[in-house]
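The numbers here are math on the coordinates, done by the rules we state, and not lab data. Since this is a predicted model, take the numbers as computed values, not measurements. When we count neighbours, we look across all protein chains shown, and the Cβ atoms used for this are built from the backbone with ideal geometry, even at glycine.
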Amino acid sequence: MYVCSCFGVTEKQVKEHAEAGACTPRQIASASKAGTDCGSCVRHIQALLGRGNCPRRELLDRGAPALTAEVSEVPDLSEAA
């Protein structure tokens, strides 16, 4: 079934993006364009995503930072100069 008729995005595609880590309608829009034209599908996308299914949301609910970087992931900018 189509969720977004403007861009032909299906429920299956929205669920696949959610399984890959998209937790919000905005993230689904970034991945598929769904919800970026007329906007009538945004509520359906919200319903498919549900509440509490997002690991980042769980971190925020506990008061932890949602986005963290490991020290090894941060590039050493002093070498670039």
Notebook entry, point to check: Is there any pair with a first residue in region 31-44 that is closer than 9 Å to Cys4 by Cα and a second that is surrounded by 18 or more Cβ atoms within 10 Å (Cβ to Cβ) and of a type in the set (S, T, N, Q) whose Cβ atoms are under 9 Å apart and which are 6 or more apart or on different chains, and what are they?
Noted result: Ala34/Gln13
Check: Could you count how many residues in region 24-43 are of a type in the set (Gly, Ala, Ser) and in contact with a Phe, Trp or Tyr (Cβ under 8 Å, 6 or more places away or on another chain)?
Finding: 2
